[in-house]
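The values are calculated or read from the model by the stated rules, or taken from the named source; none is laboratory data. These numbers come from a predicted model, not from an experiment. Note that each Cβ is placed from the backbone with ideal geometry, even for glycine, and that neighbours are counted across all protein chains shown.
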Ligand SMILES: C[S@@+](CC[C@H](N)C(=O)[O-])C[C@H]1O[C@@H](n2cnc3c(N)ncnc32)[C@H](O)[C@@H]1O
């Protein structure tokens, strides 16, 4: 028997401000039969859901538990279980949406879900609706251009420390570093050693309560950052156009 699968939509809800969700995302959220959001296994909280809630008119949202671990086997098992649950819904012919913070394919749980669903059921239609990333919103808030002229941009993660920054700095003009909060002390030290403290902007909680921009990284030395924090680092330009 062939299954008339519903469509899986990956929906980016933007990084915080509920007005930064796209019209297309809103249209899909109104029409789908089922809505999912990832939440930590420790609690039921989902920031993506918080951001989009006012557009949902009280609709029910099912949480898919996402373990906060780096253990590959635990993660794979959890995503297989979550994908099976999504497939159960899609197999009834209903369309389902999975809401994610920022953009669904930028350091996002939707990437894992999408790939697992594809592997388990290659015939399932999947549509991804892009969202405003955290660093696009941070650049807009701080008035720091991400790229100009012929400049290049690397997007790296600080989850394992400053290594990616050290690698990137010789290869690109500008760097965005996400997930900086846990290793901020080591990342700060590396930026200092590279002589880039004056070229780095730290944006926390863009679009959310407690939003901050720090142009002078020195003020953040020895400080704990909120989880939702990122850095935009622009190497000095030879033409001296950066201030
Ligand atoms: C798992 S990644 C999610 C990235 C997201 N999918 C995106 O498109 O930006 C989480 C990291 O994104 C960044 N982030 C997400 N939302 C943010 C916000 N509102 N303000 C500042 N940084 C944010 C932080 O660096 C955080 O550690």
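A few remarks follow.
- Here is the figure for segment 14-53: residues that are in a helix (DSSP H, G or I), loosely packed, with under 14 Cβ neighbours inside 10 Å and in contact (Cβ under 8 Å) with a residue 60 or more places away in the chain total 2.
- Matching residues, segment 199-226, being within 14 Å of the ligand (Cβ to nearest atom) and out of contact with any strand residue (DSSP E or B) (no Cβ under 9 Å at 6 or more places or on another chain): 208, 209, 224
- Number of positions in segment 1-13 that are without any contact (Cβ under 8 Å) to a residue 24 or more places away in the chain and either touching a helix residue (DSSP H, G or I) at 6+ places or on another chain (Cβ under 8 Å) or assigned by TED's automatic domain parsing to the domain that holds residue 108 (or both): 0
- Segment 54-84, subset crowded, with 17+ Cβ neighbours inside 10 Å and in a helix (DSSP H, G or I), residue nearest to the chain's Cα centre (by Cα): 79
- Filter result for residue 204 (buried (at least 20 other Cβ atoms within 10 Å of the Cβ) and closer than 24 Å to residue 141 by Cβ): yes
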